[in-house]
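Heads up, the thing below is written out as structure tokens.
The values are calculated or read from the model by the stated rules, or taken from the named source; none is laboratory data. Remember, predicted model here, so these are calculated numbers, not experimental data. Don't worry about glycine lacking a Cβ; one is built from the backbone with ideal geometry, like all the others, and counts go over all protein chains shown. Ligands, DNA and RNA are excluded from the accessible area calculation, which covers all protein heavy atoms including side chains. Shrake-Rupley method; radii C 1.70, N 1.55, O 1.52, S 1.80 Å.
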There are 2 protein chains.
Amino acid sequence: MKIDSIDKQILTILQQDAQITNVELSRKIGISPPAMLERVKRLEKNGIIKRYVAIIDPSKVSKGIFALVSVSLSAHQLASIDQFTKQINKLDEVLECYHVAGEEDFILKIAVSSIEEYENFILNKLIKLNGVSKVNTKFVLSTVKYNTKIKIE
Amino acid sequence: MKIDSIDKQILTILQQDAQITNVELSRKIGISPPAMLERVKRLEKNGIIKRYVAIIDPSKVSKGIFALVSVSLSAHQLASIDQFTKQINKLDEVLECYHVAGEEDFILKIAVSSIEEYENFILNKLIKLNGVSKVNTKFVLSTVKYNTKIKIE
DNA sequence: ATTAATACCGAATATAATTTGATATATTTT
DNA sequence: AAAATATATCAAATTATATTCGGTATTAAT
């Protein structure tokens, strides 16, 4: 699907405020509400817009402790990464997980409510996954920036 | 502000689907639409819900290259971290930035459209920030999990 | 126990989303 | 280049939803 300049404007706005009304959005960009509606639906149907979410303040729901964790898999396990992938996707504490090039294999972002909960996560969940051979934790002191918006250009 | 069991259900649902209508949400949870509306507004006003956003597929808007970058500041610069913080917040390529405990000072998540753009970001933007003394890049091979939802319990 | 505050509901109203049918604008085909 | 097709657009009408309102129940405080 090809994305034109109007689509880009739509995506830029919706990434910052998904609650904007269709009427207001169409007014801002300068096309009619029905035309806008069709464009947004098309962006959704084609998977450009994946979903709409509410962003919660973690500290206000007692999930204020974050950690960035690197994980290495044993060589033979690396052959079947999708098993690891599936397991990671089931763990609620894992917000993000990236397969990376370099020393370690994966970098995970973890959110928990306490150090005890973190310890429990590492000892009873993460290192019990098949093939996990090395784990290294960096605790987050503060979140400097958290942005779900990617620049559209 | 105190959050009860109904609020938790609301937050859990809105974190997955912020487009749900107030009518549908109230039906799911079992209170009337006006009561639901008041609760959601309260969660917004108290900053529990920070904002609503559309999540875009980066690969479909040619921002398919991600990197995780560690940054160390020189000792004297660490004294005024908020300067670094402000600068980081202005850079569109930086989606997330965490101040971490350990070897390095910050971990950044970067999104760009090409390796050339990445090189330009590092050479002309990141290392030109005051006090940046060490930079180390890990390129993301694949995103295993990307979740903005934190478990409410 | 009494008062005050809070949360709730059903009904009415205001606002917005969505559908419709017609028209214009590109795009492709001949 | 002209005709045909597909696509995008609009204004108006309809449908659905958000929001307001007045009153009632429930909870918390005095």
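Some points to look at:
- Checked against (1) assigned by TED's automatic domain parsing to the domain that holds residue A:108; (2) within 13 Å of DNA strand D (Cβ to nearest atom); (3) of a type outside the set (D, E, K, R), residue A:76 passes all but condition (2).
- Residue match in region B:90-111 (condition: over 29 Å from residue A:92 (Cβ atoms), at pLDDT 95 or above and in contact with a Leu (Cβ under 7 Å, 6 or more places away or on another chain)): no
- Residue check, residue B:84 open to solvent by less than 40 Å² (accessible area, probe 1.4 Å) and either of a type in the set (Val, Ile, Thr) or assigned to a helix (DSSP H, G or I) (or both): yes
- Set side by side, the residues A:92, A:57 differ, and just one is within 20 Å of residue A:137 (Cα to Cα) and either at the interface with chain B (Cβ under 7 Å from one of its Cβ atoms) or surrounded by 15 or more Cβ atoms within 10 Å (Cβ to Cβ) (or both), which is A:92.
- Taking the criterion of being more than 9 Å from DNA strand D (Cβ to nearest atom) and open to solvent by less than 60 Å² (accessible area, probe 1.4 Å), the residues of region A:18-43 that qualify are A:18, A:20, A:22, A:25, A:29, A:40, A:43.
- Of all residues in region A:32-47, those that are more than 8 Å from DNA strand C (Cβ to nearest atom) have Cβ atoms under 7 Å from Cβ atoms of residues that are open to solvent by 60 Å² or more (accessible area, probe 1.4 Å), 6 or more apart or on another chain, in A:46/A:1; A:47/B:60.
- In region B:1-16, the residues that are surrounded by 13 or more Cβ atoms within 10 Å (Cβ to Cβ) and more than 12 Å from DNA strand D (Cβ to nearest atom): B:3, B:6, B:7, B:8, B:9, B:10, B:11, B:12, B:13, B:15, B:16
- Options B:120, B:130, B:124, B:89; residue that is in a loop (DSSP other than H, G, I, E, B) and outside the structural domain of residue B:20 (by TED's automatic domain parsing): B:130
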